[in-house]
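The values are calculated or read from the model by the stated rules, or taken from the named source; none is laboratory data. Every value quoted in this text rests on a predicted model; they were computed, and no experiment measured them. Positions of Cβ are backbone-derived with ideal geometry, glycine not excepted, and every protein chain shown enters the neighbour counts.
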Amino acid sequence: MSQRITDCFRTAKETGRKVLIPFMTAGDPEPDWSVDVMHALVDAGADLIELGVPFSDPMADGTVIQLASERAIEKQVSLSRVLQMVEVFRQSDKRTPVVLMGYMNPVEHYGRARFPAHATAAGVDGLLLVDCPPEERGDLGVAMHEAGLDGICLIAPTTTRDRVKTIASVASGFIYYVSFKGITGAGQLNSPELSNPVQQIREFSDLPVAVGFGIKNAEMAVRVAEFADAVVIGSALVELLSVAKTKDDACSIATAFVAPVRKSLDNIG
């Protein structure tokens, strides 16, 4: 549905490139730095940006992202302000897809029927709601479809085969496979175990498969990329950004983290 997401993965497939998706919490460490950090991520080799919407009870997230959300909320970063950030980002970047990741509460507060149209107008391409299974989207799902906003779906190691089939039938944009049981930033990634579940997803969907949770560096990203179309890196980057003292410092941190991951992915095969 989102042309930017479609083009991103199509170009990657045609060129043999693995899609790199860094995650950052909108507004952390400082709201006025977020757009510049997003540009720095793209300049360093990010293909798609996953932008976390701050929420007070992020149940699927570990301590690092929980604290980032708390800091952003203290600085009055609401969903409306996140959309403003994307709108500013779009002034100079019309190409890089942006997916919002978060929870239903901020969307409900904003207005679930009107949010999707406002999101696409701002330049958002997809929405991943951790606590909203696709069959529970209701009028939100209808509004997302009408607005052309991709509904990114999660599949976990505990997801049954029948459930994978159901999710795959309604997902759009790409499918996000959670690499292990637990919260973000925790656990140990076992990349050989990714082969079977990713292959199972491919049985039921032609959508690209992104893998996230537990990927902390270039070496781990390369191992995951053996099975996946895209690699998502979140907590490790968020933790580094949390200590930035200035906007330039934050941008430098983003560049220094993403660039070697991009280089390693480009050297595969």
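Structure notes:
- Per the listing PRO22, PRO31, the residue uniquely touching a residue at least 24 places away in the same chain (Cβ under 8 Å), closer than 15 Å to LEU128 by Cβ and of a type outside the set (A, V, I, L, M, F, W, C) is PRO22.
- For the range 90-127, filtering for residues that are over 16 Å from the mean Cα position of the chain (by Cα) and of a type in the set (Phe, Trp, Tyr) leaves 2.
- Verdict on GLN76 being outside any helix (DSSP H, G or I), more than 17 Å from the chain's Cα centre (by Cα) and at pLDDT 95 or above: yes
- Condition met for ASP249 (closer than 17 Å to PHE9 by Cα and surrounded by fewer than 16 Cβ atoms within 10 Å (Cβ to Cβ)): no
- Inspection of the range 17-28 identifies no residue that is more than 28 Å from LYS245 (Cβ to Cβ), outside any helix (DSSP H, G or I) and modelled with pLDDT under 95.
- Residue match in the range 39-54 (condition: charged (D, E, K, R) and without any contact (Cβ under 8 Å) to a residue 60 or more places away in the chain): no
- Filter result for LEU51 (aliphatic (A, V, I, L, M) and out of contact with any Ser or Thr (no Cβ under 9 Å at 6 or more places or on another chain)): no
- Residue count for the range 109-133 satisfying the condition of being of a type outside the set (A, V, I, L, M), touching a residue at least 60 places away in the same chain (Cβ under 8 Å) and part of a loop (DSSP other than H, G, I, E, B): 2.
- Test: residue in the range 156-167 that is crowded, with 21+ Cβ neighbours inside 10 Å, at pLDDT below 95 and out of contact with any Pro (no Cβ under 7 Å at 6 or more places or on another chain): no
- Only one of ALA250, ALA225, ALA244 that is of a type in the set (A, V, I, L, M) and farther than 23 Å from GLN66 by Cβ: ALA225
- Some residue of the range 151-167 being touching a residue at least 12 places away in the same chain (Cβ under 8 Å), within 23 Å of ALA26 (Cβ to Cβ) and polar (S, T, N, Q): no
- Single match in LEU51, LEU140, LEU67 (criterion: of a type in the set (A, V, I, L, M, F, W, C), on the phi < 0 side of the Ramachandran plot and in a strand (DSSP E or B)): LEU51
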